[in-house]
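Taken together, the values in this text are just the output of simple stated rules run on the coordinates, not laboratory data. Quick caveat: nothing in here was measured; it's all calculated off a predicted structure. Neighbour counts run over all protein chains shown; Cβ positions are idealised from the backbone, glycine included.
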């Protein structure tokens, strides 16, 4: 039986003194279910939204909305990313509850450990989705439709690890959809600059989530779950170079199509170096190193965002 005492209720890769532990005891399993104690996932979902918003603001060399509108949109994306990342985690745990019970890193999660019932999880999921819908309704019609289209990707994602060695590619399609929503929230229509930045995000996710998946490589092999970590194995470092090169290339192409200034390309060197550092320092047999490098991608994403900002010069 899994120990459900407060000291052991957090999953092994969660921070030990997060704000969740200071919340009322009844709320803690729900906050852990939505991974509120691990904000990196929210960052990795939010940052592409800010990319799309920023690229659209600077495309053609002119901001077509006032500063406060962009600030308002950025805040909406932050709220939406928090609740929808949480909803995605709840849905993923509902689908994977039997698998999670067999993996040491996830066995203490609220559903497989029995801290929350399946019915409670579904009610919580619906509640989070309604909040996300309220946020999405603040944007224009095209952005609302684009946001709704992502639901098909979200619904299919938990099953990808059962049918393909590349579930990280599907996660890339899902987690970077915010690039498109951010762009159309400003422009009302898509173009190739936004699509190329979306592709860049997919390559990025392929890299960082392959690193993350190496934590569970042995457990995944025992229960038959597939991942790029298992597929690539000792060739991971070489493939990371491919993924991260693709990311930088398509980011640069997006900047070119959006007519960003020369300082964008200079600033893009910093995230490129950061990605090379990740690849060079990876030790795929050390879970703590994999987790640290995975989390370091928040800084990578923010560097890209900063480079986009420099694109106005």
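Results, tabulated for the structure shown:
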{"read-out": "Computed FRET value (nearest 0.05) for residue 221 with residue 269, which takes r as the C-beta separation and R₀ as 45 Å", "value": "0.75"}
{"read-out": "Fully extended contour minus Cα-Cα distance, from residue 245 to residue 277, at 0.36 nm per residue", "value": "10.2 nm"}
{"read-out": "Radius ratio Rg over Rh of the chain, counting only Cα atoms, Kirkwood formula for Rh", "value": "0.97"}
{"read-out": "With Cα atoms, 0 to 90° folded angle of helix 178-187 axis to the chain main axis", "value": "30"}
{"read-out": "Rg ratio (alpha-carbon, reference 2.2 N^0.38 Å) - region 76-186", "value": "1.14"}
{"read-out": "Mean Cα-pair separation over length for the chain, i.e. relative contact order, pairs under 8 Å, 6 or more apart, %", "value": "22"}
{"read-out": "Label point 7 Å beyond Cα of residue 78 along Cβ direction - residues of region 20-44 with amide nitrogen under 20 Å", "value": "20, 35-44"}
{"read-out": "Efficiency of FRET from Cβ geometry, residue 191 and residue 306, R₀ 25 Å, rounded to 0.05", "value": "0.60"}
{"read-out": "Contact order normalised by residue count of region 217-307, Cα under 8 Å, 6+ apart, percent", "value": "27"}
{"read-out": "Rounded tilt (10° steps) of 192-213 against the dominant C-alpha axis of the chain", "value": "30"}
{"read-out": "Distance in nm between pseudo-label sites at residue 68 and residue 134 (7 Å out along the Cβ direction from Cα)", "value": "2.3"}
{"read-out": "Listed peptides 127-136, 301-310 by packing density, highest first (mean Cβ within 10 Å)", "value": "301-310, 127-136"}
{"read-out": "Relative contact order %, region 45-123, counting alpha carbon pairs below 8 Å whose residues are six or more apart", "value": "23"}
